[in-house]
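**Q** Here it is, the structure in full.
What follows draws every value from the coordinates through simple rules; no lab data is involved. Just so we're clear, the structure is a prediction, and the values are computed from it rather than from any experiment. Methodologically, a virtual Cβ is constructed for each residue, glycine included, from the backbone with ideal geometry; neighbour enumeration extends over all protein chains shown.
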Amino acid sequence: MDSLIHIDRIQVNCTVNDQFDAIALAAKPLLEQGCITEDFVEAAVERERTFPTGLPTTIGVALPHTEAKYVLKESISIVTLKNTIVFAGMGNPKESIPVQIVFLLAINNPEKQLRILQTIITIIQNEKMLKKIKAAKEPQSIYNLIKTFL
Amino acid sequence: MKLVLVACGTALATSTVVAKKIEQIAQENGIECRTVQAKAVDAFQKYQELHPDAIVCTCQLEGDIDIPVINGRAFLTGINLQSTIDQLIEILKK
């Protein structure tokens, strides 16, 4: 399994107040595991305001991320939300996208991580996969689902 | 050789995936094409320097751009993907 995604970087059925809360929650395990700098969250939130990452897939997905300098160890955190949170649309900040799955990307070498990035894109284009991820009751299920795509 | 400028907020995650897809689509259609990635803030300068044939972006762009600009979000969501591909091929075949 690609080392960027770990069971302890997956949180399911979470409740958050807003998109920025969702980013902070997704960043928590990465911060604890020394994958990102202390100011990653602030930078990712700021970037989300300027260049939003919400995507209107069958179940809305957001892919927050920020500059490479805030990444200590490349990693990806996944959060599924109990409630729906509004993110602005990628390429269209005025668009409101209801999001239930967040992939927080801590990447500093996209060429090297192309395969995992492409896998995430393949998954979010797959309605069945999104439904299964959303319905997952524990991190292990999501980990196993993604593993089948790698 | 055609040149497509691919822009996103950080030139880090989404533009890499989108750039590879564009290269793949061009190859499948027998079009010689390379891509250059740019951060949104640098995109206009790169456009002026490199004179690309098209810009594909997953972000809003500022500045006066007189070449086709394609919203690259379809490459990520799969929504309206075929029409985006058709639009790109039409530009690159010119």
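**Q** Under 8 Å for C-alpha pairs, at least 6 residues apart: give me the relative contact order for chain A, rounded to a whole percent.
**A** Taking the mean separation of contacting Cα pairs over the length of chain A, I get 30 percent.
**Q** Can I ask one more? List the residues, sorted by chain then number, that are 5 or more residues from A:Val99 or on another chain and whose placed amide H is less than 5 Å from its amide H.
**A** A:Ile85, A:Val86, A:Phe87
**Q** With n ≥ 4 as the cut-off for DSSP H runs, can you work out [θ] at 222 nm for chain A, using -39500 (n - 2.57) per run divided by the number of residues, rounded to the nearest 500?
**A** -11000 deg cm²/dmol
**Q** Additional query: For region A:35-150, give me the percentage of DSSP beta bridges that are antiparallel, rounded to the nearest 5 percent.
**A** 80 percent
**Q** On a full-extension model of 0.36 nm per residue, what is the gain between B:Glu62 and B:Gln45, subtracting their alpha-carbon distance, rounded to one decimal in nm?
**A** The span from B:Glu62 to B:Gln45 would gain 5.1 nm if fully extended.
**Q** Can I ask one more? Using the Karplus equation 6.51 cos²θ - 1.76 cosθ + 1.60 (θ = phi - 60°), what ³J(HN,Hα) coupling, rounded to whole Hz, does each residue of region A:143-149 give in order, writing x for Gly and Pro?
**A** Whole-Hz 3J(HN,Hα) from phi for region A:143-149: 4, 5, 4, 5, 4, 5, 8.
**Q** Can you give me the long-range amide H partners of B:Ala38? Hydrogens built in the peptide plane at 1.01 Å from N, cutoff under 5 Å, separation of 5 or more residues or another chain.
**A** B:Val6, B:Ala7, B:Cys8
**Q** For region A:72-86 and region B:23-48, what is the centre-to-centre distance using only Cα atoms, to the nearest Å?
**A** Taking the Cα centre of region B:23-48 as reference, the centre of region A:72-86 is 29 Å away.
**Q** Let me ask something else. As a quick test, which of the pairs A:Lys73/B:Lys20; A:Lys69/B:Lys39; A:Lys28/A:Lys69; A:Lys82/A:Lys128; A:Lys69/A:Lys147; A:Lys28/A:Lys132 have an alpha carbon distance above 21 angstrom in this structure?
**A** Values: A:Lys73/B:Lys20 24 Å; A:Lys69/B:Lys39 15 Å; A:Lys28/A:Lys69 18 Å; A:Lys82/A:Lys128 18 Å; A:Lys69/A:Lys147 28 Å; A:Lys28/A:Lys132 24 Å.
In this structure, A:Lys73/B:Lys20; A:Lys69/A:Lys147; A:Lys28/A:Lys132 lie more than 21 Å apart at Cα.
**Q** Apply the Karplus parameterisation 6.51 cos²θ - 1.76 cosθ + 1.60, with θ equal to phi minus 60°, to every residue of region B:16-27 and state each ³J(HN,Hα) to the nearest whole Hz, in sequence, with x for glycine and proline.
**A** Rounded to whole hertz, the list is 5, 5, 5, 4, 5, 5, 5, 4, 5, 4, 4, 4.
**Q** With a cap of 10 neighbouring Cβ atoms within 10 Å, and only residues DSSP puts in a loop, list the GluC sites (Glu not before Pro) found in region A:1-54.
**A** A:Glu38
**Q** Tell me the volume per residue, in Å³, of the convex hull enclosing the alpha carbons of chain A. Could the numbers behind the result be given before it?
**A** Values: hull volume 14.4 nm³, N = 150.
Value for chain A: 96 Å³ per residue.
**Q** A further question on this structure: For every other residue with a beta carbon closer than 13 angstrom to the beta carbon of B:Leu81, add +1 if it is Lys or Arg and -1 if Asp or Glu, then tell me the sum. List each step's numbers first, then the result.
**A** Working: positive: B:Lys21, B:Arg73; negative: B:Asp86.
Overall, the nearby charge balance is +1.
**Q** A follow-up question, please. Assuming R0 = 22 Å, can you tell me the calculated FRET efficiency for the pair A:Lys73 and A:Leu114, based on Cβ-Cβ distance, to the nearest 0.05?
**A** 0.80
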